[in-house]
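Written out below as structure tokens is the structure these notes cover.
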Amino acid sequence: MMLPDRVGDQIRIGVAITVPEPYGSVLQHARERFGDPLANEIPPHITLLGPTVVEPAALDAVSDHLAQVSTSGRPFVLHLRGTGTFRPISPVVFMQVVEGIAECEQLESMVRSGPLTQDLRFNYHPHVTVAHEVPDPNLDTAFDELATFEARFVVSGFQFYEHGDDNVWRPVRDYLLTGSNTRPRTTANEAARPGIS
């Protein structure tokens, strides 16, 4: 993960959809098994805004912006199924988003506007990283072991993260999606416990 440098009192932030329990723990423990050094520094998530440096004085404007974004979106179903990789461009294995892609893209676009406007190095691709910058055999293991993993859950909001001096990313505020009172459609599988079949 490339982290932008901080100067003075600047704060390193990010915005993400955190994978809820019980799925989050399953993916985090898997990431530990694959030897990923970031496994305990950030919970499993779908990035909406990558690591970004802001001045402390800008935090109120950022908070107001994210609150406005949250009132424009509504809860949606997100479905993770199977693995993908960014190799050979980047040594990453990830869980694929197979439902909820458009909603993630819309949220990401809204988040990355206003006071958080920035250019991307790569086109946005919603995913959950499960192995990053580990040896190729570990990437292969991650790709194979989680190939049949599946999780479906309702995304009711997103989280604002701060990066600590101990290199741990911590969610410090939740923003609930309140753009509609319409209940997201759910399925019988949604409440099922995660598994690798």
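If you go through the range 53-66 one residue at a time, do you hit one that is surrounded by fewer than 21 Cβ atoms within 10 Å (Cβ to Cβ) and assigned to a strand (DSSP E or B)?
Scanning the range 53-66, I find at least one residue that is surrounded by fewer than 21 Cβ atoms within 10 Å (Cβ to Cβ) and assigned to a strand (DSSP E or B), so the answer is yes.
Kindly check whether there is at least one residue in the range 85-99 that is in a helix (DSSP H, G or I) and at pLDDT 95 or above.
No, because not a single residue in the range 85-99 is in a helix (DSSP H, G or I) and at pLDDT 95 or above.
Only residues that are more than 19 Å from L66 (Cβ to Cβ) and of a type in the set (S, T, Y): list them for the range 1-38, please.
Result: Y23, S25.
For the range 114-143, give me each residue that is surrounded by 12 or more Cβ atoms within 10 Å (Cβ to Cβ) and under 16 Å from Q96 (Cβ atoms).
Y124, H125, P126, H127, V128, T129, V130, A131, H132, L139, A142, F143
Name every residue in the range 1-21 that is touching a helix residue (DSSP H, G or I) at 6+ places or on another chain (Cβ under 6 Å) and either free of Cβ contacts under 8 Å to residues at least 60 places away in the same chain or part of a helix (DSSP H, G or I) (or both), in order of residue number.
Within the range 1-21, D9 is the sole residue that qualifies.
Just to be sure before I move on: is Q96 without any contact (Cβ under 8 Å) to a residue 40 or more places away in the chain, over 16 Å from G157 (Cβ atoms) and not charged (D, E, K, R) in the structure I sent?
So Q96 fits the description; yes.
Residues to consider are G24, G50; find the one that is part of a strand (DSSP E or B) and in contact with a strand residue (DSSP E or B) (Cβ under 8 Å, 6 or more places away or on another chain).
Matching residue, one of G24, G50: G50.
Can you tell me which of I11, I17 is over 15 Å from H127 (Cβ atoms) and in contact with a strand residue (DSSP E or B) (Cβ under 9 Å, 6 or more places away or on another chain)?
Residue meeting the stated conditions: I11.
The rows are residues; the columns are (1) modelled with pLDDT of 95 or more; (2) of a type in the set (K, R); (3) under 17 Å from the mean Cα position of the chain (by Cα); (4) assigned to a strand (DSSP E or B).
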{"position": "N138", "(1), (2), (3), (4)": "yes, no, no, no"}
{"position": "T141", "(1), (2), (3), (4)": "yes, no, no, no"}
{"position": "D144", "(1), (2), (3), (4)": "yes, no, no, no"}
{"position": "A147", "(1), (2), (3), (4)": "yes, no, no, no"}
{"position": "F158", "(1), (2), (3), (4)": "yes, no, yes, yes"}
{"position": "R173", "(1), (2), (3), (4)": "yes, yes, yes, yes"}
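Going residue by residue through the range 121-128, is there one that turns out to be more than 13 Å from G82 (Cα to Cα) and of a type in the set (A, V, I, L, M, F, W, C)?
yes
Taking Q96 as meeting all but one of (1) exposed (fewer than 15 other Cβ atoms within 10 Å of the Cβ); (2) polar (S, T, N, Q); (3) under 28 Å from A147 (Cα atoms), write down the number of the exception.
(1)
The values are calculated or read from the model by the stated rules, or taken from the named source; none is laboratory data. None of the values given here were measured: they were computed from a predicted structure. Positions of Cβ are backbone-derived with ideal geometry, glycine not excepted, and every protein chain shown enters the neighbour counts.
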